[in-house]
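See structure below.
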Amino acid sequence: MADTVQFDLVSPERLLSSVAAREVQIPSAEGDMTAMPDHAPLITTLRPGILKVTSDKGTDDYVVTGGFAEISPTGISVLAEQAIPCADITQDQYNAMVKEANDALSKAQEVFANEAGPVDEAAKLVSDMVAIGDEIGMSAR
């Protein structure tokens, strides 16, 4: 078994990370998961959360707001809708993400007043954003 797997994190703006990783913790829509070398092939969607990459350089944490992860025995590629290194995120950026989630919830409640599914999904987004703040030491203002 190999000790590392090639990991690439790409957002629409740029390539954020390309390292030989020992493990990658992914906030999958199906639940949190850890991908390691020789992982079974898998494609999954991301939910908003913290993506953690462990390599010989240490652990790097990123806030991701959605996207896809493709995992193979030799590589992990994450295509994120938005990805920001946790160390670089500002209170203003976090507040904007929470506001966007709250706006989506308000719109869902208005448009889908009698349909639980879309409203529940929007409420889950708000919950995920609050959980991200808890993990990175910020609270919505």
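The values are calculated or read from the model by the stated rules, or taken from the named source; none is laboratory data. Note that this is a predicted model, so its numbers are computed, not measured. Reconstructed Cβ throughout: ideal geometry from the backbone, glycine too, with neighbour counts over all protein chains shown.
For the reader, a short list of remarks on this structure follows.
- Extreme residue, farthest from Thr54 (Cα to Cα), among residues of region 13-23 that are of a type outside the set (Asp, Glu) and out of contact with any Ser or Thr (no Cβ under 7 Å at 6 or more places or on another chain): Arg14
- Residues located in region 1-19, provided they are of a type in the set (A, V, I, L, M) and farther than 11 Å from Ile76 by Cβ: Met1, Ala2, Val10, Leu15, Leu16
- Applying the condition of being charged (D, E, K, R) and within 17 Å of the chain's Cα centre (by Cα) to region 84-141 and asking which residue is nearest to Thr65 (Cα to Cα) yields Asp128.
- Some residue of region 6-14 being in contact (Cβ under 8 Å) with a residue 24 or more places away in the chain, among the charged types (D, E, K, R) and surrounded by 18 or more Cβ atoms within 10 Å (Cβ to Cβ): no
- Lone qualifier among Leu51, Leu42 - being surrounded by 13 or more Cβ atoms within 10 Å (Cβ to Cβ), within 12 Å of the chain's Cα centre (by Cα) and aliphatic (A, V, I, L, M): Leu51
- Residue, modelled with the lowest pLDDT, within region 126-141, restricted to residues that are among the aliphatic types (A, V, I, L, M) and outside any helix (DSSP H, G or I): Ala140
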